[in-house]
Every structure is written in structure tokens, then in C-alpha cells.
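Shown next, in C-alpha cells, is the structure this report addresses.
The values are calculated or read from the model by the stated rules, or taken from the named source; none is laboratory data. Please read all numbers here as calculations on a predicted model, not as lab measurements. Note that each Cβ is placed from the backbone with ideal geometry, even for glycine, and that neighbours are counted across all protein chains shown. These accessible areas exclude ligands, DNA and RNA; they are computed on the full protein's heavy atoms, side chains included. Shrake-Rupley method; radii C 1.70, N 1.55, O 1.52, S 1.80 Å.
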Amino acid sequence: MALAEATRGQLISVGTARIATTLAQHGLRRQSLSGLRPLSPFQDALAGEAATAIDACSPGGVLAMESSVTSVPVALLMRRKVAGIVSNSPLRNAAEIARAGLPAWQRLAGAAPKPLAIEVGDVLFGDRAGLIVIPAAMADQIAEEAVEAMAYEEFVAEQVSSGGGVYGLHIPSGEHARRAFAAWRRMKGR
């Protein structure tokens, strides 16, 4: 199943830290792909379902490469409209990939390769803060919960900056907090 554009947009809007926190609330604490670095610190965020072969990589998908193959056909990937590349080894044509504007993550030269903990169909999300794996069956739920948590944080920050106290607001389980948050959402049209 392809990642819905709405889910992709939600993930990009919240970022890696919020996604990791939401995954941790579901008991998934080791979803980060350590040792991989973005090709460029200025690249766009990457969000898409993982595929291990180019012909299986649908538009919006992410090519996840485990092998020592370190060069990718950039023109073909651009025609297929992939969201990006994740490689367990250094990308030999990194400059070409960066020029094409294709977000990519790679293991740096000299780093010991470790197997990527990615299943086909898992959602890969990467931004300047890191690269994380979201189980395919949970992607929509994680995105919605992360957006909701971010909205609640914005609500609390507004309450504090306007001189209101945080008592009863910092834990969104109290009745006062639920009512105040619901009123804030109506006022903001969210």
C-alpha cells in the first residue's frame, strides 16, 4: 500500500523527534537508523515506503539498498518519481544525486556496515535530525498522533505565553485541559 499524501505531509510537518517520541509511546524505541548520514545538510525531508529494488519502487517510494552497490541510476529514479534513497554503503555518484535534488542517506566510507532494519513497505522518514523507520501498518496512526501532540504543545505554549498557568495543562488527560484544548482548536479552526 502506498503512503498517502496526507500522511506524508503530516510526517514532514512534525519531524523526526516528534515521530520518535510517538513511536516510543507505542513501545518502539529503536526505530532510528544510526550510522547513516544525509547526503546534504540542505536536502528536503524524505518520506516514503521502502522498496529494495528499483522496479519495485513506486512513485513516492524510497529505494533502500543493502548491498555494496554504491551507484544508482539517478535519471531512472527521477523518472519513477521516488522520494529518495537510503544506502547501507557510500554512494559513489553522490554529487550527481545531490545535483538532482534527490534526498539520500548513506553510510559514510570506513564505517562498518550493519544490516538496515527495514522491511519492504515500512515507511522511511528522514530530515536534518535523523532517519527513522515507521512500521507500515502504523504510519497513518503515528502521523496523526504526532500532529495531535504538536498541536497540543502549541496550545500549551500559547497558554503560557499569554500569562496562563500550566497547572492541569501539561498532562492532556485532565477534563480542564481537554475542554480548553477543544475550545482552542475551534478558535484556530484546527
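Picking from residues in the stretch 116-137 that are assigned to a loop (DSSP other than H, G, I, E, B) and hydrophobic (A, V, I, L, M, F, W, C), the one that is least open to solvent (accessible area, probe 1.4 Å) is Leu116. If we scan the stretch 105-115, do we find a residue that is in contact with a Leu (Cβ under 6 Å, 6 or more places away or on another chain) and assigned to a loop (DSSP other than H, G, I, E, B)? Scanning the stretch 105-115 turns up no residue that is in contact with a Leu (Cβ under 6 Å, 6 or more places away or on another chain) and assigned to a loop (DSSP other than H, G, I, E, B).
Just one of (1) of a type outside the set (Phe, Trp, Tyr); (2) in contact with a Gly (Cβ under 8 Å, 6 or more places away or on another chain); (3) under 20 Å from Gly15 (Cα atoms); (4) free of Cβ contacts under 8 Å to residues at least 60 places away in the same chain fails for Pro38. It is (4).
Do we have any residue at all in the stretch 147-160 that's closer than 24 Å to Ala56 by Cα, open to solvent by less than 70 Å² (accessible area, probe 1.4 Å) and within 16 Å of the chain's Cα centre (by Cα)?
Within the stretch 147-160, none of the residues are closer than 24 Å to Ala56 by Cα, open to solvent by less than 70 Å² (accessible area, probe 1.4 Å) and within 16 Å of the chain's Cα centre (by Cα).
A single member of Leu3, Leu91 is surrounded by 13 or more Cβ atoms within 10 Å (Cβ to Cβ) and free of Cβ contacts under 8 Å to residues at least 60 places away in the same chain, and it is Leu91. Here Gly110 does not qualify as of a type outside the set (A, V, I, L, M), within 23 Å of Gly9 (Cβ to Cβ) and surrounded by fewer than 18 Cβ atoms within 10 Å (Cβ to Cβ). Met78 meets all of the listed conditions (1) of a type outside the set (Gly, Ala, Ser); (2) surrounded by fewer than 21 Cβ atoms within 10 Å (Cβ to Cβ); (3) touching a residue at least 60 places away in the same chain (Cβ under 8 Å) but one, namely (3). For the stretch 76-93, the condition of being assigned to a helix (DSSP H, G or I), within 17 Å of Val120 (Cβ to Cβ) and over 21 Å from the mean Cα position of the chain (by Cα) holds for none of the residues. The lone criterion from (1) of a type outside the set (Val, Ile, Thr); (2) open to solvent by 50 Å² or more (accessible area, probe 1.4 Å); (3) closer than 23 Å to Pro59 by Cα; (4) outside any helix (DSSP H, G or I) left unmet by Asp140 is number (4).
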